[in-house]
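To start, the structure itself, in structure tokens.
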Amino acid sequence: MRIEKCYFCSSPCYPGHGIMFVRNDSKTFRFCRSKCHRNFNKKRNPRKVAWTKAYRKTRGKELAVDSTFEFEKRRNRPTKYDRNLMGKTIMAMQRVQSIKEAREERFHANRMKDSNAEKVKVARVEIEKHAEILAPAVARREEVMQNVLDSARERIATRRVTKERALARGSENMEE
């Protein structure tokens, strides 16, 4: 069973699913769903359509160059498998998948590293713009904090009392 890639969006195309278009020069195009087929017929460029893998790779949102992509290449040479070779192949596939996921995570973390500073900067600008809205809240800040601390102390005290009661009941039951 071969899982093909959609020509337009690069998502997996499982057997019996999607549409296959064969051009006059006998080049075949697999599409995972009618959405991809429609966009192909409208002659849209997958690199310019925001939801495709090609778009994400050209904009630097996903890994574009990695040695793990070599393992995904299509091979037409048939291989005879026995039990040992099959086990080793599956183990290798799992190992490659784990390496690929770790690299993608690292790539995403590096990409998002600078965005936190940018978010903080935007939030500060927004606060400075609307300082008059926040002024009453800041004036009552100490009062609000005191109320929060008082309620937290109350909850802790009630928990302590219920724990002591439960322990007392437990010790009474043990004596009987």
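Mind listing whichever residues of region 137-147 are open to solvent by 80 Å² or more (accessible area, probe 1.4 Å), part of a helix (DSSP H, G or I) and modelled with pLDDT under 80?
Val138, Ala139, Arg141, Glu142, Glu143, Met145
Yes or no: Ile90 in contact with a Ser or Thr (Cβ under 8 Å, 6 or more places away or on another chain) and modelled with pLDDT of 85 or more?
The answer is no for Ile90.
Within region 1-21, take every residue that is assigned to a loop (DSSP other than H, G, I, E, B) and more than 24 Å from Glu62 (Cα to Cα) and give me the one that is least open to solvent (accessible area, probe 1.4 Å).
Gly18
Asn24: within 16 Å of Ile3 (Cα to Cα), of a type outside the set (Phe, Trp, Tyr) and open to solvent by 100 Å² or more (accessible area, probe 1.4 Å), yes or no?
no
When only residues in region 159-176 that are within 48 Å of the chain's Cα centre (by Cα) and open to solvent by 100 Å² or more (accessible area, probe 1.4 Å) count, which is modelled with the lowest pLDDT?
Checked region 159-176; the qualifying residue modelled with the lowest pLDDT is Leu167.
Answer with yes or no whether Arg77 is out of contact with any Leu (no Cβ under 9 Å at 6 or more places or on another chain), open to solvent by 90 Å² or more (accessible area, probe 1.4 Å) and part of a helix (DSSP H, G or I).
Here the answer is no, as Arg77 does not meet what is asked.
Among (1) surrounded by fewer than 10 Cβ atoms within 10 Å (Cβ to Cβ); (2) over 23 Å from Arg103 (Cβ atoms); (3) among the charged types (D, E, K, R), which single condition is Lys48 missing?
(1)
The values are calculated or read from the model by the stated rules, or taken from the named source; none is laboratory data. From a predicted model like this one, the values you see are computed outputs, not experimental measurements. Positions of Cβ are backbone-derived with ideal geometry, glycine not excepted, and every protein chain shown enters the neighbour counts. Accessible surface is based on the protein model in full, side chains and every heavy atom, while ligands, DNA and RNA are left aside. Shrake-Rupley method; radii C 1.70, N 1.55, O 1.52, S 1.80 Å.
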